[in-house]
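The values are calculated or read from the model by the stated rules, or taken from the named source; none is laboratory data. Computed from a predicted structure; not experimentally measured. Reconstructed Cβ throughout: ideal geometry from the backbone, glycine too, with neighbour counts over all protein chains shown. Keep in mind that these areas ignore ligands, DNA and RNA; they rest on the heavy atoms of the full protein, side chains included. Shrake-Rupley method; radii C 1.70, N 1.55, O 1.52, S 1.80 Å.
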Amino acid sequence: MSESLKTIIFVAIAAIIGGVAYVSRPAPVTSTPEEEVNQALFPEFTDPLQAESMKITRFDSDRGQLRQFEVSDTRDGWQIATKSGYPANATEHMSLAANSLVDLNVLRVVGDLPGQHAEFGVIEPNANALSADSEGVGELITIKGKSDKTLANLIVGAADKEDPKLRYVRIPGRDRIYLVRLDPSVFSTEFSDWIDKDLLKLNPFDVGSLRFRNYTMQANNNGISVLPQMDATVGFNQDANAWQLFRLQDTSPDDPSKLIGVQLPADQKLNREKLDEIRNALNDITIVDVFRKPDALADALKNNSPLEQVPQDDLRTLIANGFFPFTLPGETKAAMVGVNGELVIETVDAIRYRLLFGIDKLGGDNKDQKQQYLFVQTEFIDEMLPPPTLQEVPEIKEGEDQDVEAQAVAREKILQENEALMTAYREQKNEAMRKIFELNARFADWYYVVKAEDVDKILLKRDQLSVPLVQATTQPSGTPGREFPGIMSGNGMMRPSAQPATPPASTAKPMETKPATEEPAKEEPSTEKPADEKPAEEPEEEAPTKPEPMTEESEDKLAEPEASTEKESTEAEVTEEKADSE
């Protein structure tokens, strides 16, 4: 190769390298700072509806790594791309973010020197150019439209010291730093800010019953052992506005690995306040993270197919998060269970929710938030929505003494009434099945991670199930030990009526098991004599022989002792003693 040819080749290579460097250099700012003031940074971005995706890139200085959050509009709606396409409730939030960059005007040009980037916090978050001790790194916001066209690309830096509502910003590839009015909170990367927070789609006032299956599961040399704690089912009687105990099983004193049927002590009643809190907290379960289930496992759960057909690798994700098929003590077939128990919710519209509690973990930005895996399933409760009882349709009888026309009219009326009942039944069942299909289609695809504190709010421990039937109060003022008619001795409580009203039975059937009820004593004719014939005696308090659901009407009522009666009695005694002495 001649020297001339070598020279030509070296010149060509140098030209190529120089061209690459020229193209990749920061774009020069052709306008002067004065010309850019009060002008839009992104003049072509005029309509927030143009935005079809947004990516937010942040630098995590604690871990020395980049964190990205991306949401995009797909044919299936808005989805969080960085969370495997989890459905996003992004219409309103995206509109706020896009609007903040539309007509974003320059208030002041701060400088053009690269050395100022760290000072104003506008260093681009780039993994190749950053280290764990990097400072002054900004947040990169990228909004794109159709055909992946970039509509806005901005590095958001530090807040102005004099006015925190102002921010220093820079366009990637340019050195010039601007001061703009911008609220960075609209660029949230909090997962819960972009999703539908209503996980269960459940109205607390539709809750018909709650079943608390408290147990933990542990692996040992013999396989998996179950440590039961309590199995309690309570129902809410809407007519009586009261909770009822349908079933209670507690650990056996002889064998802690087994549950036995028990009743509440005679001096205890259901803890209504706690049960109300649990019912209302069902709407407050906060999703903090999600993980997509493998496709084969998700399809099996959607179609209620046997899990034996699911690949073992898919099932391992279940076990790793604290869920697996298992036959619990007292059950006849295997079902999905959680290592930390479950809560079963039945609603008045015949939908059963199963909330399975998996393993605990630490999460959040600082890895200090207690979190728990949650597995949710729903199913239809056939026994809660039985077909209606239809009238028998008579045959038309013919004969000289038969009014065929009247029979036909009566028969047609019965047919119409039966059809109306069946139509209402089908509509109600179809609505329940539609809701179940939508819920399971949503739940089947995801492992949910929720705040552990939210789980604690919907759990019920054994010592929280009931409270004392009668709360002790202080001795009423007056002579110690003195009794007043109609008031219990020593605690100032009004005597309840002899026969409390029995609350009407709820029409809903929250569980197959029915609550134990106590036959009320028959009301005897009153034999009470007037006060002038016989002094009033303190009646004895009757303790119930069996635990019964209590309503607020049957609880004891407070009453204050009549101080004036005591005062008059005392004065009468003093007068009598004075007369005797005279």
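Values as computed for the structure displayed
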read-out: FRET E, pair T32, T91, Förster distance 51 Å, beta-carbon r, rounded to 0.05; value: 0.80
read-out: Two-site FRET efficiency, N304 against Q369, from Cβ-Cβ distance with R₀ of 25 Å, rounded to 0.05; value: 0.15
read-out: Solvent-accessible surface (1.4 angstrom probe) belonging to E44, in square angstrom, nearest 10; value: 140
read-out: Part-to-part distance (alpha-carbon centres) for the stretch 40-72 and the stretch 116-157, which is given in Å; value: 9
read-out: Estimated FRET transfer efficiency (V467, D239; beta-carbon r; R0 22 Å; 0.05); value: 0.45
read-out: Exposure of L318 as accessible area (Å², to 10), given a probe of 1.4 Å and all protein chains; value: 0
read-out: Gyration tensor verdict on the stretch 195-354 (Cα atoms; rounded if a/c is under 1.5, prolate if a/b is larger than b/c, oblate otherwise); value: oblate
read-out: Entries in K55/K149; K258/K333; K55/K361 that, when Cα-Cα distance is taken, lie over 20 Å; value: K55/K361
read-out: Potential extension, E44-A334 segment - 0.36 nm per residue separation minus Cα distance; value: 98.3 nm
read-out: For the stretch 184-263 and the stretch 312-373, distance of Cα centres in Å; value: 11
read-out: Restricting the stretch 332-384 to trypsin sites (Lys or Arg not before Pro) in coil, as DSSP defines it, with at most 14 other Cβ within 10 Å; value: K333, K367
read-out: Length gained when the stretch R174-D206 is fully extended (0.36 nm per residue, less Cα-Cα span); value: 5.7 nm
